[in-house]
Amino acid sequence: MADTQRERSYGRALDQMRPVKLTSGVMKNADGSCLAEFGDTRVLCTATIEEAVPQWRRGQKAGWVTAEYAMLPASTNRRTPREQRGRKGRSMEIERLIGRSLRTVVDLRKLGELTVTCDCDVIQADGGTRTASITGAWVALHEALRSWVERDRIHRMPITGQVAAVSMGEVDGLLMLDLDYPEDSHAQVDMNLVGTADGRIIEVQGTGEKTPFDRDQLNALLDLGQAGIADLIRLQAEAVAR
């Protein structure tokens, strides 16, 4: 995409992501961890493995992968109140998205009767916190499961592939990849894409915030998103190779 009429953060083109950094092994006590940085958005992702499954899962000889998501009070320019259990509207929707995204690339029978909880805590928010959470949580999940395989607590790696996520949108009539907060807050179309390393789609979340969008716009946004996911998949692979 050659049109660069709108100045963007980091001087990037419309089809470029913010600088992304995925740093694994940042938490001593977690089975796996990753600090996911998408520009000024920073999410601390940890994965913890427990030798139990939810009651409804018992006896099925299969495990479970779930997630929790929260924004720390100072993650935004105004203090974000801590959420109480049962009052987690937006956060609950995001943590369900993270959990089901991760489960698509885990063989739960190979996992055995274990539960992996991926905690995603936003320590600084500048747009795209859910997409950074999914991308970083996969790294934390991989690290946790690999550590259990290396200690012979799991016989084989249950991860079947990679999953990452990115945001796209239309702002001032221009299609953009990886929106920061100023762009996201003024977007006419806001979209999130979750996808795999082989180009398949797990989930598309798209909304015409101010105007409807047509099939051509949708296709163009998906093309942008899949290119971004390809970059994130490469960064994930580098993070877990260290």
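The values are calculated or read from the model by the stated rules, or taken from the named source; none is laboratory data. These numbers were taken from a predicted model, which means no experiment stands behind them. Cβ coordinates were reconstructed from backbone atoms using ideal geometry, including for glycine residues, and neighbour counts include every protein chain displayed.
β-branched (Val, Ile, Thr), closer than 30 Å to residue 108 by Cβ and out of contact with any His (no Cβ under 7 Å at 6 or more places or on another chain): is that true of residue 189 in this structure?
It is false that residue 189 is β-branched (Val, Ile, Thr), closer than 30 Å to residue 108 by Cβ and out of contact with any His (no Cβ under 7 Å at 6 or more places or on another chain).
Regarding residue 47, is this residue buried (at least 20 other Cβ atoms within 10 Å of the Cβ) and part of a strand (DSSP E or B)?
Spelling it out, residue 47 is indeed buried (at least 20 other Cβ atoms within 10 Å of the Cβ) and part of a strand (DSSP E or B).
Against the condition small (Gly, Ala, Ser) and surrounded by fewer than 17 Cβ atoms within 10 Å (Cβ to Cβ), how does residue 67 come out, does it pass?
No.
Can you tell me which residue is nearest to residue 193 (Cα to Cα) among those in region 106-139 that are of a type in the set (Asp, Glu) and part of a loop (DSSP other than H, G, I, E, B)?
Ranking the candidates gives 126 first.
Only one of 83, 150 is of a type outside the set (Val, Ile, Thr) and within 24 Å of residue 233 (Cα to Cα); which?
It is 150.
Kindly evaluate residue 41 against the criterion of being surrounded by fewer than 17 Cβ atoms within 10 Å (Cβ to Cβ), touching a strand residue (DSSP E or B) at 6+ places or on another chain (Cβ under 7 Å) and among the hydroxyl-bearing types (Ser, Thr, Tyr).
No; evaluated as a whole, the condition is false for this residue.
Determine if region 8-26 includes at least one residue that is closer than 19 Å to residue 225 by Cβ, without any contact (Cβ under 8 Å) to a residue 12 or more places away in the chain, surrounded by 15 or more Cβ atoms within 10 Å (Cβ to Cβ) and more than 14 Å from the chain's Cα centre (by Cα).
Yes, there is a match, as at least one residue in region 8-26 is closer than 19 Å to residue 225 by Cβ, without any contact (Cβ under 8 Å) to a residue 12 or more places away in the chain, surrounded by 15 or more Cβ atoms within 10 Å (Cβ to Cβ) and more than 14 Å from the chain's Cα centre (by Cα).
Can residue 152 be described as at pLDDT below 95 and closer than 19 Å to residue 31 by Cα?
Answer is yes for this residue.
Has region 81-91 got any residue that is exposed (fewer than 14 other Cβ atoms within 10 Å of the Cβ), in a helix (DSSP H, G or I) and within 13 Å of the chain's Cα centre (by Cα)?
no
If residue 42 passes every condition in (1) touching a Cys at 6+ places or on another chain (Cβ under 9 Å); (2) in a strand (DSSP E or B); (3) under 22 Å from residue 124 (Cα atoms); (4) not polar (S, T, N, Q) but one, which one does it miss?
All conditions pass for residue 42, except number (1).
Of the residues in region 139-188, how many are in contact with a Lys or Arg (Cβ under 6 Å, 6 or more places away or on another chain) and either without any contact (Cβ under 8 Å) to a residue 40 or more places away in the chain or crowded, with 21+ Cβ neighbours inside 10 Å (or both)?
Total satisfying the criteria: 3.
Condition test on residue 5, is it closer than 24 Å to residue 179 by Cβ, modelled with pLDDT of 95 or more and part of a loop (DSSP other than H, G, I, E, B)?
No; evaluated as a whole, the condition is false for this residue.
If I go through region 50-78 residue by residue, how many of them are outside any loop (DSSP other than H, G, I, E, B), touching a residue at least 12 places away in the same chain (Cβ under 8 Å) and farther than 23 Å from residue 136 by Cα?
Qualifying residue count, region 50-78: 1.
Residue-wise test of (1) farther than 18 Å from residue 126 by Cα; (2) modelled with pLDDT of 95 or more; (3) not β-branched (Val, Ile, Thr).
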residue: 70; (1), (2), (3): no, no, yes
residue: 93; (1), (2), (3): yes, no, yes
residue: 97; (1), (2), (3): yes, yes, yes
residue: 102; (1), (2), (3): yes, yes, yes
residue: 107; (1), (2), (3): yes, yes, yes
